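Peer 1: Here it is: the structure, laid out below.
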Amino acid sequence: MLQTRKWACRLAGFTVLFFALNTAAFAQASRTWVSGVGDDANPCSRTAPCKTFAGAISKTVAKGVISVLDPGGFGVVTITKPITIDGGAVEGSILATGTTGIIINAGSGSVHLRNLTIDGAGTGIYGVRFISGTELHMDKVVIRNFSRNGVLFEPNGSSKLVVVNSHFSNNAGAGIQSTPGVSGLGFVSVVNSQLLSNAHGIKAEDRSVVSVRNSTLSFNTNSGFLASSAGQAVEASVDDCQITDNGAGNASSAGIKSTGGLASVLISGNVITGNYRGLVSQSGGDIFSYGSNRVSTNIVDGTPNGNVSTR
C-alpha cells in the first residue's frame, strides 16, 4: 500500500511538471524575432527565431514587438491585436503576389509598422488593408507595385492613420486611400513621405479628415491629392508639399482636386507645377488658400475658391 502511494505521488508530480513545461513551451513573449533561416516551429526567441511574421505573431503577446534579425522575405500576415512589426536596420520585406501584404483587423489598440518593404510584384492586391484598430502608425515603410491601393484605410469605426518617412509608388490605385465605414471617421496624417507614379497620390473619401505636410506627390496618372465627397464631409489640409507632374494628358486630373459639395481642402506653402491642371474645384468642392502657394506652369493653373487670412 505504501509503495502504491509513493508511485501515485510521483505520477502526480510528473503530470504537473509535464503541463508546466508544455505551457511554457507555448507561452507568448513580449519580444519575438524572425530570420531568413528561422523556423516557425521555434519559440521565436533571438537564438531560435521564426521564419515568418505569421508564425511569430501567434507567439507574441498583445502590444509586443516582432523584430527582424537579418534580411529576408517574411510572408504576408493578418494582424488581429495591437502589435509592432519592426524591420530594424536590415529592413524586413514582404512579397505579396496575388494577395494583400498586411491585413489589420485589430479591434482596438495601436499597430506599428516600421522599416518594412512590401512589394506586390504587379499582382498583389493591397499593400496594407486596415479594417479595425484604434490607430496605425507607419514609419519608413515602402509599398510598391500593387494592383489596387498601396494603403486602403477603411476603418469600421473612428481610427487614425499616421504615416511618416514612407514611400508609395507604382500602385494601380492610390498610394493611400481613406474610405472610412459609415459608423466612424478616418483621421489621416502624412508627413515627410513620397507618393509617386500611382493612380492618385492620396485619395480621401467621405468621413475622412486628412493632413498632408512636407511630402512629394508627383508623376501620378490622375491627381496628386483628391478629396471626393459623395454626400459626407471630407476635410483636408495640404501644406509645404511638392505636387508636380501629375495627370500627364489626363484632363480630369489635377495637382489638388476637390469634388463634391462637402469636400474642402485648405492649402499653404505648396509648389504646384507641371500638372495637367494645378487646382480644380468641381461639383461644389472647395479649395481655400493661405495665399502662400506657387501655382504655375501647369497646362491650366486654376485658382482657389477663396483666400484665408493669417492671424
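Peer 1: Being among the small types (Gly, Ala, Ser) and touching a Lys or Arg at 6+ places or on another chain (Cβ under 6 Å), is that true of even one residue in the range 174-184?
Peer 2: Among the residues of the range 174-184, at least one is among the small types (Gly, Ala, Ser) and touching a Lys or Arg at 6+ places or on another chain (Cβ under 6 Å), which makes the answer yes.
Peer 1: Spot the failing condition for GLU154; the list is (1) closer than 15 Å to VAL188 by Cα; (2) surrounded by fewer than 18 Cβ atoms within 10 Å (Cβ to Cβ), and only one is missed.
Peer 2: Only one criterion in (1) closer than 15 Å to VAL188 by Cα; (2) surrounded by fewer than 18 Cβ atoms within 10 Å (Cβ to Cβ) is unmet by GLU154, namely (2).
Peer 1: Does THR60 satisfy the condition of being buried (at least 17 other Cβ atoms within 10 Å of the Cβ), within 23 Å of THR221 (Cα to Cα) and out of contact with any Pro (no Cβ under 6 Å at 6 or more places or on another chain)?
Peer 2: The answer is no for THR60.
Peer 1: Assess whether ASP39 counts as being among the charged types (D, E, K, R), modelled with pLDDT of 95 or more and in contact with a Cys (Cβ under 9 Å, 6 or more places away or on another chain).
Peer 2: The answer is yes for ASP39.
Peer 1: Every residue in the range 88-109 that is crowded, with 17+ Cβ neighbours inside 10 Å and more than 17 Å from ARG144 (Cα to Cα), please.
Peer 2: Residues satisfying the conditions are ILE104, ALA106.
Peer 1: Next question, about the same structure. Within the bounds of the range 126-142, is there any residue that is in contact (Cβ under 8 Å) with a residue 12 or more places away in the chain, in a strand (DSSP E or B) and of a type in the set (Phe, Trp, Tyr)?
Peer 2: yes
Peer 1: In the range 247-271, what count of residues is obtained for those that are buried (at least 18 other Cβ atoms within 10 Å of the Cβ), of a type in the set (A, V, I, L, M) and over 17 Å from GLY306 (Cβ atoms)?
Peer 2: Within the range 247-271, residues that are buried (at least 18 other Cβ atoms within 10 Å of the Cβ), of a type in the set (A, V, I, L, M) and over 17 Å from GLY306 (Cβ atoms) number 1.
Peer 1: Name the single residue that is nearest to SER183 (Cα to Cα) among those in the range 249-272 being assigned to a loop (DSSP other than H, G, I, E, B) and in contact with a Gly (Cβ under 9 Å, 6 or more places away or on another chain).
Peer 2: Once the filter is applied, the top-ranked residue is LEU262.
Peer 1: If I ask for residues that are charged (D, E, K, R) and either closer than 17 Å to ILE83 by Cβ or not in a loop (DSSP other than H, G, I, E, B) (or both), which ones from the range 32-66 would you list?
Peer 2: ASP40, LYS59, LYS63
Peer 1: Only one residue in THR179, THR221, THR216 is under 22 Å from GLY122 (Cβ atoms) and either of a type in the set (A, V, I, L, M) or surrounded by fewer than 24 Cβ atoms within 10 Å (Cβ to Cβ) (or both). Which one?
Peer 2: THR221
The values are calculated or read from the model by the stated rules, or taken from the named source; none is laboratory data. None of these values were measured; they are calculated from a predicted model. Cβ sites come from the backbone with ideal geometry, for glycine too, and all protein chains shown count toward neighbours.
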